[in-house]
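Asks: Sharing a structure, written as structure tokens. Questions coming.
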Amino acid sequence: MNATEPHILTIFGASGDLTKRKLIPALFKLYQQKHLPEQFYILGIGRTENTDDNFRKKMAGWIDKQDEFPQQKQDFLKLLFYEPLDTGNPDAYIKQKNRLDELRAQSDIPENYIYYLATPPVLYEKVAQGLAIAGINKDEADKSWKRIIIEKPFGVDYESAKNLNKRLLCYFAEDQIYRIDHYLGKETVQNVLVTRFANGIFEPLWNRNYIHHVEITSAEDLGVEERGGYYDNAGALRDMVQNHLLQLVGLIAMEPPILAESTAIRNETMKVFQSLRPIKEEEVSKYVIRGQYTSCKVKGEKVPGYRDEEGVAKDSRTETYVALKFFIDNWRWSGIPFYIRSGKRLPTKVTEIVIHFKKSPHHIFSHQYEQMNTQNQLVIRVQPDEGLLIKFGMKEPGVGFKVKTANMDVHYSDFSKGRISEAYERLLLDCMQGDSTLYIRGDAVEEAWKFVQPILNAWKNQPDIPVYGYPAGTWGPEHADSLIEEPDLTWRYPCKNLSNDGEYCEL
Ligand SMILES: NC(=O)c1ccc[n+]([C@@H]2O[C@H](COP(=O)([O-])OP(=O)(O)OC[C@H]3O[C@@H](n4cnc5c(N)ncnc54)[C@H](OP(=O)(O)O)[C@@H]3O)[C@@H](O)[C@H]2O)c1
């Protein structure tokens, strides 16, 4: 592991939800595991008036809820400071610089700074510009470094993402910019690389000759909760597919990198994004299905439909479900369909990647085999119950040759000695150590937006493309089944629908 050099981490948006729920708990875990340098401080910035002490008190409630480690907690909280500033005001950055200088002087820290932008996205460019005006944006060769972490969403479409990249690059160099996608911080997602490239058995089969299709599901059982206002302007395609799910596609489909190193890995995933066959605007209804959950009883309780959620327009056509079929036009994947789907208010919370292998070429046991299970599957469970599952045929003991599907199941929790780290722990530590492998490069973000842009355009310009209603607690619109054209194939359903009394309809 690289050394973590002394530095100060500034969190813009320190009075917000992400800071208390994810960032501070992750930093505390890093502190407990002694991954943070001895000379290290966290400076929180928000508009809300607050003192260092109050900020510490507020954050104390979000770490170590069982109070198991009171001394460690107290020591960690001493590293936290707060400065009330409005980042829309250019003077704020001079005040911030002065505060950073004060903190550096306390512990003899060089001008090594990380800026974490946990603010509304409209402020990303402004903050980068403000830091540049205050003169605290540039690396000084062999003396100090500056890094900036940008939260999602990175743009709302191709043009805005391109523009944001362009603006950020006016103030920071590409190797200083860390665009976060917390999916890449998940252990099981990184394990995709290890499964593929640390084993000799998978890679020879990992191509169009042996793989029939690839399926990725990201399901949530919850609705939009308090995020209705944000979500109604985003939808599942922007919120999940453009970033998280396409990043998974990148790791599944990439060529072997020459090294487990940032440039090598990111070059290969970039090639995958460049090879995605564009879905033409006029073909969107053939390849993409969108849906919206409607009110229904789930586990005996009535849940509201999407349009009844707070902050959502009564006539909203924002998709809470999206399913896509697409192809990767390169040597390895030519002709192999990829299916991805993501939705809210589905029967369970699960993210999984399923590699469906082709059937054996000659079925000598076919009359005694369970019809649907003749394809071997490798299931990579990203969350929850992280692990790997291989489904294959075994002889059922007894006379004849009755073949049954057996599961070879590895649970990550059995495999790891301690707890599995949260994505933000890994990603924060990587940034502290200057490793951008698990962050998204600017060109890859743009390429991913380029792929989804025709879908956004079609939905905007062709109002007759249906939004299918699906009852909350089910696996989404039935029309999504039609994307998989082969008669005896369907999506993998990790569990059954939870409700059947609702109506499938066109909204
Ligand atoms: N929450 C999550 O789980 C999550 C997950 C993924 C990505 N994100 C992204 O992370 C970012 C923050 O999300 P959030 O949920 O934490 O939002 P939030 O709860 O609304 O917090 C926003 C923060 O930005 C600060 N802020 C707003 N305008 C400001 C200004 N002019 N000057 C200084 N500070 C300002 C707010 O400070 P005051 O309230 O003090 O004004 C607050 O601390 C967003 O871009 C979001 O998309 C969040």
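Asks: Give me the strands (runs of 3 or more DSSP E) completely within the stretch 1-118, filtered to those with at least 3 residues that are among the hydroxyl-bearing types (Ser, Thr, Tyr) and within 18 Å of residue 150 (Cβ to Cβ), ordered by residue number. Give the steps one after another, and end with the answer.
Replies: Values: elements: 7-12, 40-46, 80-84, 113-117.
Fully inside the stretch 1-118 and qualifying: 113-117.
Asks: Counting only residues that are part of a loop (DSSP other than H, G, I, E, B) and among the small types (Gly, Ala, Ser), which one in the stretch 231-268 is modelled with the lowest pLDDT?
Replies: Pass one, the stretch 231-268, residues part of a loop (DSSP other than H, G, I, E, B): 233-235, 254-261.
Then drop every residue that is not among the small types (Gly, Ala, Ser), which leaves 234-235, 260.
Working: 234: 95, 235: 97, 260: 90.
Selected residue: 260.
Asks: Please tell me if residue 147 is away from the ligand (no atom under 14 Å from the Cβ), touching a strand residue (DSSP E or B) at 6+ places or on another chain (Cβ under 6 Å), closer than 25 Å to residue 433 by Cβ and not in a loop (DSSP other than H, G, I, E, B).
Replies: Yes.
Asks: Here is a follow-up. Mind listing whichever residues of the stretch 68-120 are under 30 Å from the mean Cα position of the chain (by Cα), away from the ligand (no atom under 12 Å from the Cβ) and of a type outside the set (S, T, N, Q)?
Replies: Across the stretch 68-120, the qualifying residues are 73, 76, 77, 79, 80, 81, 113, 114, 115.
Asks: More than 23 Å from residue 273 (Cα to Cα) and within 16 Å of the ligand (Cβ to nearest atom), is that true of residue 131? Don't jump to the end; show me each part of the working.
Replies: Values: more than 23 Å from residue 273 (Cα to Cα): yes; within 16 Å of the ligand (Cβ to nearest atom): yes.
Yes, satisfied.
Asks: Can I ask one more? Quick one: would you say residue 159 is outside the structural domain of residue 39 (by TED's automatic domain parsing) and away from the ligand (no atom under 11 Å from the Cβ)? I'd like the intermediate steps shown before the answer.
Replies: On the way: outside the structural domain of residue 39 (by TED's automatic domain parsing): yes; away from the ligand (no atom under 11 Å from the Cβ): yes.
Answer is yes for this residue.
Asks: If only one of 126, 138, 162, 166 is assigned to a loop (DSSP other than H, G, I, E, B) and basic (Lys, Arg), which one is it? Full working, then the answer.
Replies: Working: 126 fails: assigned to a loop (DSSP other than H, G, I, E, B); 162 fails: assigned to a loop (DSSP other than H, G, I, E, B); 166 fails: assigned to a loop (DSSP other than H, G, I, E, B).
The match here is 138.
Asks: Of the residues 135, 130, which single one is of a type in the set (Gly, Ala, Ser), surrounded by fewer than 21 Cβ atoms within 10 Å (Cβ to Cβ) and either at pLDDT 95 or above or touching a Lys or Arg at 6+ places or on another chain (Cβ under 9 Å) (or both)? Before the answer, list the steps.
Replies: On the way: 130 fails: surrounded by fewer than 21 Cβ atoms within 10 Å (Cβ to Cβ).
Residue meeting the stated conditions: 135.
Asks: In the set 89, 163, 112, which member is at pLDDT 95 or above and over 30 Å from residue 456 (Cα atoms)? Give the derivation first.
Replies: On the way: 89 fails: at pLDDT 95 or above; 163 fails: over 30 Å from residue 456 (Cα atoms).
Every option except 112 fails the conditions.
Asks: In the stretch 5-28, what count of residues is obtained for those that are more than 16 Å from the ligand (Cβ to nearest atom) and surrounded by fewer than 20 Cβ atoms within 10 Å (Cβ to Cβ)? First the steps, then the outcome.
Replies: Residues of the stretch 5-28 that are more than 16 Å from the ligand (Cβ to nearest atom), as a first pass: 5-8, 28.
Remaining after also requiring surrounded by fewer than 20 Cβ atoms within 10 Å (Cβ to Cβ): 5-6.
Residues in the stretch 5-28 being more than 16 Å from the ligand (Cβ to nearest atom) and surrounded by fewer than 20 Cβ atoms within 10 Å (Cβ to Cβ): 2 in total.
Asks: Test residue 187 against the stated conditions and say whether it is of a type in the set (Asp, Glu) and without any contact (Cβ under 8 Å) to a residue 60 or more places away in the chain. Step through it out loud before you land on a result.
Replies: Numbers: of a type in the set (Asp, Glu): yes; without any contact (Cβ under 8 Å) to a residue 60 or more places away in the chain: no.
For residue 187, the condition - of a type in the set (Asp, Glu) and without any contact (Cβ under 8 Å) to a residue 60 or more places away in the chain - is not met.
Asks: If a residue has to be closer than 16 Å to residue 381 by Cβ, surrounded by fewer than 21 Cβ atoms within 10 Å (Cβ to Cβ) and not aliphatic (A, V, I, L, M) to count, how many in the stretch 323-351 make the cut?
Replies: 2
Asks: Can you pull out every residue in the stretch 229-266 that is among the polar types (S, T, N, Q) and either buried (at least 18 other Cβ atoms within 10 Å of the Cβ) or under 17 Å from residue 192 (Cα atoms) (or both)?
Replies: 242, 243, 247, 262 - these are the residues of the stretch 229-266 that are among the polar types (S, T, N, Q) and either buried (at least 18 other Cβ atoms within 10 Å of the Cβ) or under 17 Å from residue 192 (Cα atoms) (or both).
Asks: Something else: Determine the pairs where a residue that is farther than 17 Å from residue 16 by Cβ, located within the stretch 76-87, has a partner that is in a strand (DSSP E or B) with Cβ atoms under 9 Å apart, the partner being 6 or more residues away or on another chain.
Replies: Pairs found: 79/40; 79/41; 79/42.
Asks: So which residues in the stretch 476-494 are in a loop (DSSP other than H, G, I, E, B) and under 20 Å from residue 355 (Cβ atoms)? Before the answer, list the steps.
Replies: At the first step, the residues of the stretch 476-494 found to be in a loop (DSSP other than H, G, I, E, B) are 476-477, 484-494.
Within the stretch 476-494, 484, 485, 486, 488, 489, 490, 491, 492, 493, 494 meet the criteria.
Asks: Against the definition (surrounded by 22 or more Cβ atoms within 10 Å (Cβ to Cβ), in contact with an Asp or Glu (Cβ under 7 Å, 6 or more places away or on another chain) and β-branched (Val, Ile, Thr)), how does residue 224 come out, yes or no? Quick ask: steps written out before the conclusion?
Replies: Details: surrounded by 22 or more Cβ atoms within 10 Å (Cβ to Cβ): yes; in contact with an Asp or Glu (Cβ under 7 Å, 6 or more places away or on another chain): yes; β-branched (Val, Ile, Thr): yes.
Taking the combined requirement at face value, the residue satisfies it.
The values are calculated or read from the model by the stated rules, or taken from the named source; none is laboratory data. Keep in mind that what you see is a predicted model, and the values were worked out from it rather than measured. Note: ideal-geometry Cβ built from the backbone for every residue, glycine included; neighbour counts use all protein chains shown.
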